[in-house]
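Reading through the structure tokens given below for one structure.
The values are calculated or read from the model by the stated rules, or taken from the named source; none is laboratory data. Worth saying up front: this structure is predicted, and the values here are computed from it rather than measured. Here the Cβ is made from the backbone with ideal geometry for all residues, glycine too, and neighbour counts use every protein chain on show. Each accessible area value is taken on the protein alone, full model and side chains, heavy atoms only, with ligands, DNA and RNA left out. Shrake-Rupley method; radii C 1.70, N 1.55, O 1.52, S 1.80 Å.
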Amino acid sequence: MANRQDSIKNRIRAVMVLACVIVLTATAAAFAIYEVSSFKGELTRHLSTIGAVIADNVRTPLSFENEENAEEILAALKAEPGMEASAVYDKEGNVFVFYPPSLQKDLLPTHPGSGSWIQDGSMISFVSVLQEGKTVGTLYLRVSLKAMYERLARYGTIVAVVLCGSIAGAFALSTVLQKRISGPILALSQAAQKVAERADYSIRAPKLTQDELGTLTDNFNQMLVETQEHHSRLTEQARLLDLSNDAIIVRETNDRIVYWNRGATEIYGWAKEEAVGKVKEELLKTEYPFPRAQVFETLNREGRWQGELVQTRKDGARIHVSTRWALDRGPDGKPANVLISDNDITEQKKAEEALRENEQRFRALGDNIPQLAWMTDPSGGIFWYNKRWYDYTGTTFEEMKGWGWSKVHQPNRLAAVTAKWKEHLKRGENWEDTFQLRGKDGQFRWFLSRAFPIRNSQGHIVRWFGTNTDITEQKMSEEQLERMVSERTLKLQDTIGELEAFSYSVSHDMRSPLRAMQGYAKALQEDYKVVLDETAQNYLQRIQNASNRLDLLIQDVLAYSKVAKGEIDLHRVDLDRLIGEILLSHPELQLPRAEVIVEKPLPAVLGHEAYLTQCVTNLLGNAAKFVRTGEIPRICIRAEELGQKVRVWFEDNGIGIDPAHFGRIFEIFGQVYGEKKFGGTGIGLAIVRKAVHRMNGEVGVESEVGQGSRFWIVLEKA
Ligand code: ADP
């Protein structure tokens, strides 16, 4: 480039200097030519004038052959500068006289000529000497041209000096001028060179002049501005393409790679510099799962193609890619580049493969389980049944797919089964139902059916897996069992009834001998008090206590038996009234012995007067009995409504009950402390439970040790 710069400078200089030399040389030459020709002309004219004068003067001496006279006339020529030789020839052509006398005669022309010419640096001129029109002799003159040559030499020197000066001036001038002319060009050229070397489009050429070169610089800079914008747009686009996780590759029609983004490096391992310029299929060892020609045929026809390929990474690993190709045509419509976007789907492929294998294993398993099995899509459409389904129903997949299974259901149950199944599908909850399915023999069998949703890693249901287990045999044995149980229960109830009747009559019958024992014991005590010692009286007292207790026991057993046996009719019973009467007839439930608060009004219930009296008496009796020594029992009776039912609470301030005993206390003889501490038979709560159950009610308790007890009974509202 430096040479080129030099050459521009030098050329400008050379042109100026050359122009100067040519002009000066031409001018000098013109002057020289003019000088020579005018000198010659003058000399010729001068010679002819002198010749004419001399010829005129020598005519007479020549005619008279007066040599002396003729020599004198010739001697007059000595005043003529540059006169080298002169001679007069007679009419025979012999030298008559010559001048200067020192001249060697041999050097004179042997014969006279005519006219004038230049020869050997001298001008030679022959002038005829005429007398009355006849040539009587010839005058010969030879004048040296030395003066002329000297003048020319002087000219030459002057021209050379002027030329040198001019060249120096032109050189200096050209140096100044070239700066003005070549400066902007060089600045432009340097800017262009920097741009080319550094690819830096922000460089601008300085504008040094306002002339055409200035305009050229402006245009060049404008071009750079546009190129810079274009370049930054391209850089931005390339940066964006680099951001893509997909491999983006551009290949030319000859399969050479011209663009390779960061995603391509990540997927394939080769850096951009390694990949660009390589043949793509060779670099990636592309394996087409179908004829390669098909791909290019589609690409040429439709301008795009997409599919899956196997390629090899730099580290030698084979990977599956999902690829999209788009053909870019040139302005002439011919295929130019192919833009390729690849996505690594190796993991996905492996997962799919694993899934397929799993599914195959699963289906093999599904075909071999004893149940009928099936799978549905998330909306419940069945897409797979196991072999046993087809074996049992004798159907085909075409008949059964989607919701086709309804064809083998019992029509009267189908709506309910479908509604329940749809509800579970919607909620995504495990499903279970029991229904009959028709076999290929037309017979229905019972199946316990279950299905559960299978979810993906995001928790979305991807399918449902269901089974139908044949429970016909169980169902039949269950029914048989139920039948047997109810038969036996009936028998048992009969037996219990008989037993209850028996125990009632036994208890009833036991009371009269017991009363006899009590009566006689009392008589002994009263009538023989004086004869009986203290020990005998003590024994007698024990007999009396035992018989009293036995009486109590018999009464309770009788009460229980009464409650347990026979049919009862339920009526409206006013609890306010009932409880009021009970309290009145039991002084131990009145102040100061006890305090009973009734939160009135209590509702009327559907019950049995006697049973209810028994229940309330027992509950209040217990509440008043199980208190800490010296403490006055405080009992609260209140009711709460439970829809069509009523719960009546009996809350006391007694010793409370450990919840561990809640189950036991309602059994016969279910005492917690034994009879000694608080007395009682352990039958009271059993009677309450029996009676409440017989009135279609419930009984229960809430309590903690030391916190009082809250017994409740629930009965229907009247
Ligand atoms: P008992 O004849 O002993 O009262 P019950 O069948 O009436 O027999 O009661 C069974 C047991 O339940 C009682 O022995 C007692 O331990 C417990 N019990 C019943 N009512 C109460 C109560 N209100 N407070 C504390 N314990 C009670």
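Anything over 27 Å Cα to Cα? Flag those among LYS194/LYS314; LYS40/LYS78; LYS645/LYS690; LYS278/LYS334; LYS491/LYS690, in the order listed. Intermediate results must be reported in sequence, preceding the final value.
On the way: LYS194/LYS314 37 Å; LYS40/LYS78 20 Å; LYS645/LYS690 18 Å; LYS278/LYS334 22 Å; LYS491/LYS690 20 Å.
In this structure, LYS194/LYS314 exceed 27 Å between Cα atoms.
Using the crude model of +1 on Lys and Arg Cβ and -1 on Asp and Glu Cβ, and no other charge, please compute the dipole size for the stretch 471-559 relative to its Cα centre, in debye to 20.
Details: 10 positive and 15 negative charges, 69 e Å.
Approximately 320 debye in magnitude.
Compute and list, largest first, the equivalent-ellipsoid semi-axes of the stretch 655-705 from the alpha carbon gyration tensor, each √(5λ) rounded to a whole angstrom.
Equivalent ellipsoid semi-axes, largest first: 20, 14, 8 Å.
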Revision key, fill the gap. Reduced to Cα centres, the span from the stretch 368-409 to the stretch 327-366 in Å works out to 32
**Study point:** Cα gyration tensor shape of the stretch 446-516, rounded if a/c is under 1.5, else prolate or oblate by comparing a/b with b/c
**Key:** oblate
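Note the full-extension length gain between ALA415 and ALA79 as 0.36 nm times their separation in residues minus their Cα-Cα distance, in nm to one decimal.
Working: separation 336, 0.36 × 336 = 120.96 nm, distance 16.23 nm.
Contour length minus Cα-Cα distance gives 104.7 nm.
Considering all projection directions equally, how large on average is the shadow of the alpha-carbon convex hull of the stretch 541-660, in square nanometres?
On the way: hull surface 40.3 nm².
So the Cα hull casts an average projection of 10.1 nm².
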Revision key, fill the gap. In degrees rounded to 10, the 0-90 angle between helix 346-368 Cα long axis and the longest Cα principal axis of the chain is 30
Point to revise | Convex hull of Cα atoms in the stretch 361-496, direction-averaged projection (nm²) | key: 11.0
Exercise for review: Exposed loop GluC sites (Glu not before Pro) only (DSSP loop, at most 13 other Cβ atoms within 10 Å): please give the longest stretch of the chain free of them, not including the sites.
Suggested key: 133-428
Revision key, fill the gap. Around PRO184 (Cβ within 12 Å, Cβ-to-Cβ, excluding PRO184; K/R +1, D/E -1) the net charge comes to 0
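Net charge near ALA594, counting Lys/Arg +1 and Asp/Glu -1 over other residues with Cβ under 12 Å of its Cβ? Write out the running numbers ahead of the final one.
Working: positive: ARG593, LYS625, ARG634; negative: GLU588, GLU595, GLU631, ASP652.
Surrounding charge for ALA594 is -1.
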Point to revise | Shape box of the stretch 512-581 [Cα atoms, principal axes, largest first, Å] | key: 59, 28, 16
Point to revise | For the stretch 167-172, 3J(HN,Hα) per residue [Karplus equation, 6.51 cos²θ - 1.76 cosθ + 1.60, θ = phi - 60°, Hz, x = Gly/Pro] | key: 4, 4, x, 4, 4, 4
Exercise for review: Quick one: go through the stretch 66-107 and flag any residue whose amide nitrogen is under 16 Å from the point 7 Å out along the Cα-to-Cβ line of THR135.
Suggested key: 87-96
Point to revise | Tail weight of P(r) past 42 Å, computed on alpha-carbon pairs of the chain, percent | key: 74
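Taking a ≥ b ≥ c as the square roots of the Cα gyration tensor eigenvalues, with a/c under 1.5 meaning rounded and otherwise prolate when a/b beats b/c, else oblate, which class fits the stretch 65-144? Mind showing how you got there, number by number?
Numbers: a/c = 1.58, a/b = 1.21, b/c = 1.30.
Note, shape of the stretch 65-144 comes out oblate.
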Point to revise | Gain upon complete extension [LYS194, GLU432; 0.36 nm per residue less C-alpha separation] | key: 77.4 nm
Review point. According to a simple spin-label model (label point 7 Å from Cα along Cα-to-Cβ), what is the distance in nm between GLU353 and ASN94?
Key: 14.0
Point to revise | For the stretch 470-490 and the stretch 153-170, distance of Cα centres in Å | key: 147
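Could you give the Stokes-Einstein D for the stretch 90-229 in µm² per second, using the C-alpha Kirkwood radius, 37 °C, 0.692 mPa s?
On the way: Rh = 22.4 Å.
My calculation gives 146 µm²/s for D.
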Review point. Residue-wise, which Karplus ³J(HN,Hα) couplings in Hz belong to the stretch 279-293, taking 6.51 cos²θ - 1.76 cosθ + 1.60, θ = phi - 60°, and x for glycine or proline?
Key: 7, 4, 5, 6, 4, 9, 6, 4, 10, 8, x, 8, x, 4, 4
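Give me the percent of accessible area attributable to carbon and sulfur for the stretch 244-344, probe 1.4 angstrom.
Details: 2570 of 5390 Å².
The nonpolar share, carbon plus sulfur, comes to 48 percent.
For the stretch 2-160, what's the relative contact order in percent, using C-alpha pairs closer than 8 Å and at least 6 residues apart?
Numbers: 195 pairs, mean separation 38.0, N = 159.
Reported as a whole number, the value is 24 percent.
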Practice item. Please report the relative contact order for the chain, taking Cα pairs under 8 Å with a sequence separation of at least 6, and give it as a percent rounded to a whole number. Key: 5
Revision key, fill the gap. In Å, the Kirkwood hydrodynamic radius from C-alpha pairs for the stretch 295-416 sits at 19.2
Review point. Can you list the residues, at least 5 places off or on another chain, whose amide H is less than 5 Å from the amide H of GLY137, using H built in the peptide plane?
Key: VAL129
**Study point:** Crossing angle, helix 472-527 versus the chain [Cα axis fit, 0-90 degrees, rounded to tens]
**Key:** 40
**Study point:** LEU145 long-range amide H proximity, modeled H, under 5 Å
**Key:** SER122, MET123
Study note, to complete from the structure: Taking the alpha-carbon centre of each part, the distance from the stretch 512-535 to the stretch 562-631 in Å is 36
Revision key, fill the gap. Sorted by chain and number, the residues with a modelled amide H under 5 Å from that of GLY394, at a separation of 5 or more or across chains, are LYS440
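In the neighborhood of LEU606, defined by Cβ-to-Cβ distances under 13 Å, what is the net charge if each Lys or Arg adds +1 and each Asp or Glu adds -1?
Values: positive: ARG572, LYS645, ARG694, LYS717; negative: ASP569, ASP574, GLU609, GLU716.
Neighbour charge sum, excluding LEU606 itself: 0.
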Review point. Using Cα-only point scatterers and the Debye equation, what is log10 of I(q)/I(0) for the stretch 244-344 at each q in 0.11, 0.14, 0.23, 0.24 Å⁻¹, rounded to two decimals?
Key: -0.29, -0.48, -1.33, -1.44
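Subtract the Cα-Cα distance of GLU482 and GLU595 from 0.36 nm times their separation in residues, and report this length gain in nm to one decimal. Working shown, then result.
Values: separation 113, 0.36 × 113 = 40.68 nm, distance 5.09 nm.
Once the chain is fully extended between GLU482 and GLU595, it gains 35.6 nm.
Kirkwood Rh over alpha-carbon pairs of the stretch 2-160, then Stokes-Einstein at 4 °C and 1.567 mPa s: what D in µm² s⁻¹, rounded to an integer?
Details: Rh = 18.3 Å.
Translational diffusion coefficient: 71 µm²/s.
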Practice item. On a 0 to 90° scale, report how tilted helix 534-564 is relative to the longest principal axis of the chain, with both axes built from alpha carbons and the result rounded to the nearest 10. Key: 60
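Return one whole number: the accessible area per residue of the chain in Å², for a 1.4 Å probe.
Values: 42220 Å² over 718 residues.
Dividing the accessible area of the chain by its residue count gives 59 Å².
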Check your understanding: Quick one: how many Å² of ASP569 are accessible to a 1.4 Å probe, rounded to 10?
Key -> 110
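Return a whole-number percent for the relative contact order of the stretch 244-344, with Cα pairs under 8 Å and 6 or more residues apart as the contact set.
Working: 206 pairs, mean separation 29.5, N = 101.
Relative contact order of the stretch 244-344: 29 percent.
Once every DSSP H run of n ≥ 4 in the chain is given -39500 (n - 2.57) and the sum is divided by its residues, what mean residue ellipticity at 222 nm do you get, rounded to the nearest 500 deg cm²/dmol?
Working: 18 runs with 364 residues, N = 718.
That comes out to -17500 deg cm²/dmol.
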Exercise for review: Give a residue-ordered list of calculated ³J(HN,Hα) values for the stretch 687-701 (Karplus: 6.51 cos²θ - 1.76 cosθ + 1.60, θ = phi - 60°; whole Hz; x for Gly, Pro).
Suggested key: 5, 4, 4, 4, 5, 4, 4, 5, 9, 6, x, 10, 9, x, 8
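Using unit Cβ charges (K, R positive; D, E negative) and no other charged atoms, how large, in debye to the nearest 20, is the dipole of the chain about its Cα centre?
Details: 89 positive and 95 negative charges, 235 e Å.
Charge dipole of the chain: 1140 debye, to the nearest 20.
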